Amino acid sequence: MVMPAWHLRDYHDDDLDQAIQIWDQSRLADEHRVFPVSEVMAAAKAGQTAVVAVVGDQLVGMAVAQAFGRRGWILLVALASRWRERGIGSALLAEVERRLRALGVRHVSALLPAGAAGTKALENSGYRFRDDLTYYEKTEPPGTADADALAALGGRILPDGLWDAMAGMEREKEIIERRVVLPLTEPTLADRYGVAPPKAIILFGPPGTGKTSFAKAVASRLGWPFVELFPSRLAADTSEGLAVALREAFADLAELDSVLLFIDEVEEIAGARSGKAVDPGHGVTNELLKLIPVFREHDARLLACATNSVRSLDAAFLRPGRFDYVIPIGPPNPTARAAIWARYLRTCADSVDVGQLVGASELFTPADIEFAARKGAQGAFEREVTQRQGRAATTEDSGRPATTEDYLSAIADTRPTLSTRMIEEFAEDIDTYSRL
């Protein structure tokens, strides 16, 4: 079979996804590259010498080099599996050398693991193997590189205990525990049973039901860094467009050993496309659809997207293969509301009828309950201060704890986030979209 013709051209930022795929194909199973992928791609993006080989729109090879005065270093020679031993590696090196010479480089070196992709191309291109050198390397203390990358992404390590602090919501906790957390915390056992740990999930439900809190709780439970991408902030931080900003943010994540990436209100960048080529949302949605499969190829990664309107998401975005689970996070049922109220009534549990509060807060979200609890406690506090008539508190002043009436008054004065219509639509969405 005659293979189609290939040609060389400059590396473009749009090549990033395919370049990382070729990098992965070129690596041996236990290979540790001297120059990590984040360093290589940063050099290519910064305008260092980078050449790719393409067949049509498909990237089949790539070479990257960096110039330091009169010396140049080959950082990468990578070839797609089925395009090796066709002269592409040698052609890439020849083009890189030509460009380095134009920069004044007169001495080109390459440092690769034994047997790495590109070694044969180097030998065929006249590079001399030297066995009279000893390579020294000092690795930064564990976590240092991650800390720098995490700070650049605006991420953080969350405190322990957030999972246990999710009072109530036991139904949702059980689903996420079994489907998401356990396969990620027990990967060896999961593999023995043929269970693939999830790489991407969608949390959907009415506003205020705790989707963000669940994402943070999972990151806390796993001990992974938590990074949240804000589409509106990404768009404001670059003049090149949201699609480019998304691609760069996903590329930066490659520097982290593990990460939970959270995108709230994902419908902003994955809404149903109109079908018209001029639709400005097309490019962003298409970019995200391309980024997710690449993200899924790496271990210790979890993408968690949240939406208040799962029915507004693009159909291709919801398709199996991109997201492992589509999980409903609903309003708290009576048992969950009782647990949430109990969390905020520790100082006055004996003086409050929790059952009355649960019944009066039927359409309340966890955030609504927290607000009403704080409002009720504030009312009792102000009453106590007023009754003292300006007298300073003494040790004899035990104070009257907040009562059921205080909290019922606060509930009546709190506008619930949810409505009956929202609950009905959520039930419909569970039947139509949930995948557990």
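The values are calculated or read from the model by the stated rules, or taken from the named source; none is laboratory data. Here the structure is a predicted model, which is why all the values come from computation and not from measurement. Using ideal geometry, Cβ is built from the backbone for each residue, glycine included, and neighbour counts are taken over all protein chains shown.
Remarks
- Entry remark, the range 405-436: residues being in a loop (DSSP other than H, G, I, E, B) and touching a Phe, Trp or Tyr at 6+ places or on another chain (Cβ under 7 Å) number 3 in total.
- Across the range 125-163, the qualifying residues are those that are more than 25 Å from Phe230 (Cβ to Cβ) and of a type in the set (Val, Ile, Thr), and the one among them that is modelled with the lowest pLDDT is Thr144.
- Among the residues making up the range 344-359, those that are crowded, with 16+ Cβ neighbours inside 10 Å and assigned to a helix (DSSP H, G or I) are Tyr344, Val354, Leu357, Val358.
- Residue within the range 21-38 that is surrounded by 14 or more Cβ atoms within 10 Å (Cβ to Cβ) and small (Gly, Ala, Ser) present: yes
- Remark: Lys211 falls outside the filter, which requires a residue to be of a type in the set (Lys, Arg) and either assigned by TED's automatic domain parsing to the domain that holds Val40 or closer than 20 Å to Arg296 by Cα (or both).
- Flag if Gly330 is of a type in the set (Gly, Ala, Ser), crowded, with 20+ Cβ neighbours inside 10 Å and either assigned to a loop (DSSP other than H, G, I, E, B) or without any contact (Cβ under 8 Å) to a residue 40 or more places away in the chain (or both): yes
- Val284 being outside the structural domain of Glu405 (by TED's automatic domain parsing), touching a residue at least 24 places away in the same chain (Cβ under 8 Å) and among the β-branched types (Val, Ile, Thr): yes
- All positions within the range 254-284 that are modelled with pLDDT under 85 and polar (S, T, N, Q): Ser274
- When restricted to residues that are farther than 17 Å from Glu174 by Cβ, out of contact with any helix residue (DSSP H, G or I) (no Cβ under 7 Å at 6 or more places or on another chain) and either outside any helix (DSSP H, G or I) or modelled with pLDDT of 90 or more (or both), the range 333-343 contains 0.
- Taken over the range 1-28, residues that are at pLDDT 80 or above and part of a helix (DSSP H, G or I) amount to 11.
- All positions within the range 61-86 that are surrounded by fewer than 17 Cβ atoms within 10 Å (Cβ to Cβ), under 20 Å from Gln18 (Cα atoms) and either modelled with pLDDT of 90 or more or among the small types (Gly, Ala, Ser) (or both): Ser81
- Single unsatisfied condition, Ala251 versus (1) in a helix (DSSP H, G or I); (2) within 19 Å of the chain's Cα centre (by Cα); (3) modelled with pLDDT of 90 or more: (3)
- Among the residues making up the range 408-436, those that are surrounded by 15 or more Cβ atoms within 10 Å (Cβ to Cβ), without any contact (Cβ under 8 Å) to a residue 60 or more places away in the chain and within 11 Å of Ser361 (Cα to Cα) are Leu408, Ala410, Ile411, Thr414, Pro416.
- Exactly one residue out of Gly115, Gly104 is in the same structural domain as Arg27 (by TED's automatic domain parsing), out of contact with any strand residue (DSSP E or B) (no Cβ under 7 Å at 6 or more places or on another chain) and in contact (Cβ under 8 Å) with a residue 40 or more places away in the chain: that is Gly115.
- Test: residue in the range 301-314 that is more than 30 Å from Thr188 (Cα to Cα), at pLDDT 90 or above, of a type in the set (Lys, Arg) and touching a Phe, Trp or Tyr at 6+ places or on another chain (Cβ under 8 Å): yes
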